[in-house]
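I have placed the structure first, in the form of structure tokens, so that the comments after it can refer back to it.
Just so it is clear, none of the values below were taken in a lab; they were calculated from the coordinates. Every value quoted in this text rests on a predicted model; they were computed, and no experiment measured them. We place every Cβ from the backbone using ideal geometry, glycine too, and count neighbours over all the protein chains shown.
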Amino acid sequence: MGSKIPAEGRISTKISRRKAATIQTSSYMENNILKTALIGVGNMGRKYAEMITAGEVPHMKLTAVVIRRDELMEWGKSLVNTDGEKVKIFRSAEELFAAEAENINVNIIGNYIQKLNDKKPEKSTDNCKGNEENTNDYKNNKEDNYKIHTTSLFDAVIIATPHKTHKELALKAFALKKDVLCDKPAAADIGEALEMNEAASKSNRIYGMVFHQRLYPKYVKIKEMIDNNELGELVRVNLINSRYLRTTHYHKSGSWRSSFAGEGGGALINQGQHILDMFQYLFGMPQRIFAVIPFGKYNNFAVDDEDTIIMSYDNGMTASFVLTTGEACYEERLEVIGTKAKLLLEDNTLTITRHQDVREYIKTENVNSRENMHFTQEIIEYEKEPEPYTRLLEGFAKASLEQNSDYLVARGEEGINSLMLCAGAYYSACRGIQVELPLDADEYRKLMDELISKEQ
């Protein structure tokens with residue numbers, strides 16, 4: 001039978017650790033540093049802070065951090081940038097934003113006064129008239145003065161707080177004309193995520209998401225193959241992920257964790273956001289979704305720790321998606337079936353099986369099965385690498401400094417897609433129906449209100 005691949009048809013490749021790709025810098029960037037404020041110092045927030053202050057992120061420095069917990073104050077005081085500048089500590093986001101708002105006003109006035117001095121106007125015999133003209137001039141040029149102030153405390157904000165705080169923090173940052181990088185998920189529900197993107201658009205600021213897994217070499221390879229049509233037409237995708245085992249200790253590590261009231265869900269809205277983002281990044285958004293979720297299968301809570309989702313596309317492609325945080329054995333498996341090739345990713349091993357177009361074969365070959373089908377196989381082994389957070393942060397720095405969102409690994413609007421898949425799955429499982437996407441934000445809000453009320 002032709003289904004077995006002979007040894008001579010196999011190619012094995014080992015990909016060694018790759019150096020982080022250097023983002024090309026313009027002459028503008030060479031002499032500019034993005035002053036960044038960090039809100040949220042949980043596990044990820046502390047990691048970002050230490051990366052930035054250690055100089056691991058080109059063109060970015062940490063100038064301010066919000067620390068609420070007393071036990072982290074000493075850690076915060078130890079944060080010093082490579083140029084010797086200490087990071088300013090604020091005890092709340094409100095205090096941080098208020099300080100910057102006051103700073104902006106001071107600089108606007110200072111720039112305005114300097115502008116008046118540069119003009120050197122003749123003295124007016126009519127003081128009242130002169131004052132009125134000056135006042136109007138100030139009002140008319142307020143925006144111009146804002147643009148030229150150069151002594152801001154920070155120019156961008158990294159949000160690494162619990163999900164339900166993201167919207168409020170992002171909106172305040174955009175109101176101050178600050179760029180925003182938000183950790184996953186974008187928000188706790190679809191409506192909030194849409195508001196954040198609208199605010200980013202109205203303020204004309206850079207808005208990015210922390211979806212760093214797009215930078216994994218194995219996913220870069222798969223994306224390239226799909227975009228280059230090397231697989232032919234995609235017909236089926238199967239994904240299984242038990243990468244994240246979460247204990248009771250983890251679920252109790254924050255009062256906001258593992259509840260609809262505090263987190264907006266369980267595994268799908270937390271660990272699943274990276275996986276859902278990668279799924280939609282590679283394969284696009286489905287048009288229909290059906291989910292089976294045994295809420296609290298491994299834990300005594302109302303949210304999900306296992307999710308099974310079936311997706312369908314208008315072009316005929318189907319997909320299955322399984323996420324669990326309750327299985328002992330580690331599994332990260334992605335199977336992609338195209339008309340000209342099959343991809344099988346198991347952890348860091350990618351197996352590529354190529355063949356002639358199966359649809360043409362079915363139509364033209366005078367055999368009953370695979371007798372005349374020819375296969376070649378390539379196996380690529382990727383070494384485990386450090387998480388590429390520095391590259392993601394570097395891209396954000398360049399996007400902010402040059403005001404060009406093309407440098408972002410993931411735009412803010414893309415955070416809606418992974419959240420929409422999550423919301424569609426929750427809605428489908430709770431209502432017992434197949435859901436057409438996009439799901440209405442108000443309908444989803446009603447469901448969340450119901451689920452929160454049941455928790456209380």
Check: Could you give the nm distance between label points at Ser255 and Gln356, where each point is 7 Å from its Cα heading toward the beta carbon?
Finding: 6.8
Next item on the list: Subtract the Cα-Cα distance of Asp449 and Lys340 from 0.36 nm times their separation in residues, and report this length gain in nm to one decimal.
Entry: 34.6 nm
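Given the pairs Lys35/Lys172; Lys77/Lys252; Lys35/Lys86, which are separated by over 19 angstrom at their Cα positions?
Those over the limit are Lys77/Lys252.
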Notebook entry, point to check: Arranged by the count of other C-beta atoms within 10 angstrom, fewest first, what order do Ile337, Ile159, Ile452, Ile52 take?
Noted result: Ile452, Ile337, Ile159, Ile52
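Could you tell me the relative contact order of segment 213-455? Use alpha-carbon pairs under 8 Å, at least six residues apart, and round to a whole percent.
About 24 percent, as a whole number.
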Checklist line | Euclidean distance between Cα centres, segment 393-445 to segment 247-316, Å | finding: 14
Next item on the list: With θ set to phi - 60°, apply the Karplus curve 6.51 cos²θ - 1.76 cosθ + 1.60 along segment 251-256 and write out the HN-Hα couplings as whole Hz, x wherever there is a Gly or Pro.
Entry: 4, 9, 6, x, 5, 8
Item checked: segment 375-417 residues near the modelled Glu198 label - backbone nitrogen below 18 Å, point 7 Å along Cα→Cβ -> 412-417
Next item on the list: Would you mind ranking Met278, Met373 so that the residue whose beta carbon has the fewest other beta carbons within 10 Å leads the list?
Entry: Met373, Met278
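Tell me the net charge near Leu245. Cut-off is 13 Å between Cβ atoms, Leu245 excluded, with +1 for each Lys or Arg and -1 for each Asp or Glu.
Numbers: positive: Arg243, Arg246; negative: Asp305, Glu306, Glu327, Glu331, Glu332.
Local net charge: -3.
For Asn315 and Leu437 in the same chain, what is the full-extension length gain: residue separation times 0.36 nm, less their Cα-Cα distance, in nm?
Once the chain is fully extended between Asn315 and Leu437, it gains 42.4 nm.
Only loop residues by DSSP count here, and only those with at most 14 other Cβ atoms within 10 Å; note down the GluC sites (Glu not before Pro) in segment 347-456 that meet that.
Listed in order of number, the matching sites are Glu365, Glu371, Glu383.
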Note to self: Could you check the spin-label model distance between Thr82 and Arg333? Points 7 Å from the Cα along Cα→Cβ, value in nm.
What the structure shows: 4.4
Note to self: Of Ser453, Gly424, Phe396, which is farthest towards the positive pole of segment 213-455's charge dipole, taken about the Cα centre with +1 and -1 on the beta-carbons of Lys, Arg and Asp, Glu respectively?
What the structure shows: Ser453
Notebook entry, point to check: To the nearest 0.05, how large is the calculated FRET efficiency for Glu71 and Lys363 if R₀ is 45 Å and r is the Cβ-Cβ distance?
Noted result: 0.05
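Using a 10 Å cut-off around each Cβ, can you sort Ser242, Ser418, Ser258 from fewest to most neighbouring Cβ atoms?
Working: Ser242 18, Ser418 29, Ser258 25.
The most exposed by this proxy come first: Ser242, Ser258, Ser418.
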